[in-house]
Amino acid sequence: MPCSRPTARSSTGRGAASAVPLLASLAVTACSTTPPSRPPGLPPTPASITRENPGGDAADPERAALERLLKEPWGRRRDRFNTLDVPLVDWQSWRRVRLWGHPTRATFRYGDEHYAALTVLYTSTAGPSDPDSCLDEFWSKNAALADGYGVRLGEAQIIRTTQEIDGEVRPLVFKVLDGSIASVFASDEYAGAIAVYESWPGTCLVSVLAVKASEHPELARRVRDRWIDEGAPRLRWTSGITEAPKTEAR
């Protein structure tokens, strides 16, 4: 029997369930409709791995997809306005999506089962534009929205580190947390993190990752931690950007 889910239209015209895109799709729900064909313990056959199903025909496609996010090399995709290089593991397997009602600078999902989702936001601010202030502004705007959608967030951890761009060391702040959502359609757990960057004065640049953790929470946290250590610091404006771009989103 086909499973059902709430839908939010994507740029491809296919369904993409997401309650709070600005919290890195922590409210994404998904269910599997295609039974695996491989015996347990065997990796998916290479021919079965697709952008729609990076877990392929593995007996446990969620585990197989998360393991790809741990071992595949980094690549990059551009935002919708060709101004940001967005780092992604197994980059060709991420689908760019548009979240109707929640414009973003760029949003990508990993697999039709939403094994992971990443959102980039670039907004203007009337207040301070350092990473800590931008994180506070982001959280004040979106925490209540998440609660209204039934997202439950665990205790958060703040990590302050740096990124180096062309020899310049800049501050980088993370808010690391786990979350869950329960609805009549599904109940899922996610490992997430919010990265906030030093950007142009008067603007905030935020990137948010959520990794599905319903079946393999420790594996999902390792994927999240790899993004914190290796991926998020690679986000940067494309070469040739010498002044603040317009804060456009769609």
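The values are calculated or read from the model by the stated rules, or taken from the named source; none is laboratory data. Values in this document were obtained by computation on a predicted structure and should not be read as measured data. Cβ placement follows ideal geometry from the backbone for every residue including glycine, while neighbour counts extend to all protein chains displayed.
Numbers below:
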{"item": "1 or more residues out of contact with any Pro (no Cβ under 8 Å at 6 or more places or on another chain), basic (Lys, Arg) and surrounded by fewer than 19 Cβ atoms within 10 Å (Cβ to Cβ): qualifying strands (runs of 3 or more DSSP E) within segment 162-250", "result": "168-182"}
{"item": "Among (1) under 13 Å from the mean Cα position of the chain (by Cα); (2) aliphatic (A, V, I, L, M); (3) at pLDDT below 95 - the single one ILE165 does not satisfy", "result": "(1)"}
{"item": "Given (1) modelled with pLDDT of 95 or more; (2) closer than 20 Å to HIS102 by Cα, number of the condition GLY15 does not satisfy", "result": "(1)"}
{"item": "Those residues of segment 148-162 which are of a type outside the set (A, V, I, L, M), modelled with pLDDT under 95 and within 18 Å of LEU135 (Cβ to Cβ), in sequence order", "result": "GLY154, GLU155"}
{"item": "Selection count where residues are at pLDDT below 95 and among the hydrophobic types (A, V, I, L, M, F, W, C), scope segment 82-105", "result": "3"}
